[in-house]
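Following: one structure in structure tokens, then a few remarks.
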Amino acid sequence: MNKTRILWASGLLAILTIAIAWLLVPPEWDMSIEQLNQASPPSAGATIEPKTSDGAVYGKFLKDSLSFITPGIPPTGNYFLGRNYQWNGMFSPRWQLYSGKATRALLAAGRLADARKAFMAMKVGADSIGVDGSVPFQLPESMRGYTITPGIVAQAASFFLGESCLAVKALNQYPSETAVQVGSDAERKAVSAALARSLAWLESQDESLYNADLYAANRLLFDAVAYQACGSLFEDEFALNLVEGYLETALEKFDGTAGYFIEKSGWDTHYQAVAINQINELLMAGYDGVHTETLQADLKLAAQWLAARVGDDGVLHSDGNTRTCWSGETILGGDKLVDAREVWRALAYSGMRFKDDAMQSAANRLANWLRTKPTTTCVR
């Protein structure tokens, strides 16, 4: 009897040891195509509203995916992000970028306390919008030589509006008892009112915005998302009608034979991912216009091209980039690098949309590689 008890106890101890070890070792990122098909809506190319797509991408694999949206979670109680945090002031809501993406991702993950932090970062940006809807864009004293044009200010508004309106749209799709834990009714109303004012202001600056972004496909797509996401949120037909012109110009810059958006006469891994992400967000925001069929076809080709830049070992290759890494192009004095989180997001959302095993496999490999690598990277 004693021997039986000892064997039983030994077996139980072994099982507990294995279980504890499994819990302590983080699992490899692995969203199979079967899980992908179950998570995404039945029509792979159709418009997918943000709550569903966010849930499909972030809902099941939190340990890795949430690490990719930390730029949208404010590190301090003033809720500043990016350069606003770096410079310790609200210089522009442009630098609160990622707060909207983080709000959506954390909502999908059920991390409501962190979702509230991200929402408050978005609200701080919205609170800086003027009574007339204008968006501030300032720089610290050390950068006063940098020329701020009307087009740059309009770009700042476009960046912030598209992401924020899509976040509000997603938040509105959750039950009120969930949404109120992220932002109170009064807070969400204040954010929406500020975004609506800024949309009207951006419409008045449309010529400056278009001329400033004319030569970059990814920026034109940012602008299309701003008008689509905010226009649909506030039922602004004028804004919605502006979308088509931006899309037409952006799609002219896509090399359908090679599969990439042209940036300075070539390709760029980072900006390819940015363009893909904007197209996915445009579709999530409800775009269904004259360019829908072309947009979806180009999106699939672009994501296939990007997936091919991820090696079998998960390494993201950026050789030949025309704007980041080795081009010498800078932003506010710093070299431009590839943000691998943008690449992961582009592959994960596109893989979800098209139920494409190769795209999703590339996202899996990249996520595993990034566990021990910096998220901004350049590899030849």
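The set of residues in segment 134-171 being touching a residue at least 12 places away in the same chain (Cβ under 8 Å), farther than 18 Å from Phe222 by Cβ and not aliphatic (A, V, I, L, M) consists of Ser134, Pro136, Gln138, Pro140, Tyr146.
Checking each residue in segment 278-288 for being over 18 Å from the mean Cα position of the chain (by Cα) and open to solvent by less than 30 Å² (accessible area, probe 1.4 Å) picks out no residue at all.
Restricted to segment 115-156, and to residues there that are open to solvent by less than 30 Å² (accessible area, probe 1.4 Å), not in a loop (DSSP other than H, G, I, E, B) and not hydrophobic (A, V, I, L, M, F, W, C), the residue that is farthest from Gly72 (Cα to Cα) is Gly151. Taking segment 367-380 as the range and being within 11 Å of Val338 (Cβ to Cβ) and open to solvent by less than 30 Å² (accessible area, probe 1.4 Å) as the test, only Thr377 passes. If the condition is being open to solvent by less than 10 Å² (accessible area, probe 1.4 Å) and of a type in the set (S, T, N, Q), then segment 157-178 contributes Ser158, Ser164. Filtered by the rule that a residue be under 14 Å from the mean Cα position of the chain (by Cα) and modelled with pLDDT of 95 or more, segment 104-121 gives a lone residue, Ala118.
Of Ala217, Ala229, all but one fail to be in contact with a strand residue (DSSP E or B) (Cβ under 8 Å, 6 or more places away or on another chain), surrounded by 18 or more Cβ atoms within 10 Å (Cβ to Cβ) and among the aliphatic types (A, V, I, L, M); the exception is Ala217.
Taking segment 289-330 as the range and being closer than 30 Å to Leu233 by Cβ, open to solvent by 60 Å² or more (accessible area, probe 1.4 Å) and either of a type in the set (A, V, I, L, M, F, W, C) or part of a loop (DSSP other than H, G, I, E, B) (or both) as the test, the residues that pass are Val290, Leu301. Scanning segment 232-252 for residues that are open to solvent by less than 10 Å² (accessible area, probe 1.4 Å) and either without any contact (Cβ under 8 Å) to a residue 40 or more places away in the chain or within 18 Å of Leu299 (Cβ to Cβ) (or both) turns up Val243, Tyr246, Leu247, Ala250.
The values are calculated or read from the model by the stated rules, or taken from the named source; none is laboratory data. These numbers were taken from a predicted model, which means no experiment stands behind them. Positions of Cβ are backbone-derived with ideal geometry, glycine not excepted, and every protein chain shown enters the neighbour counts. Keep in mind that these areas ignore ligands, DNA and RNA; they rest on the heavy atoms of the full protein, side chains included. Shrake-Rupley method; radii C 1.70, N 1.55, O 1.52, S 1.80 Å.
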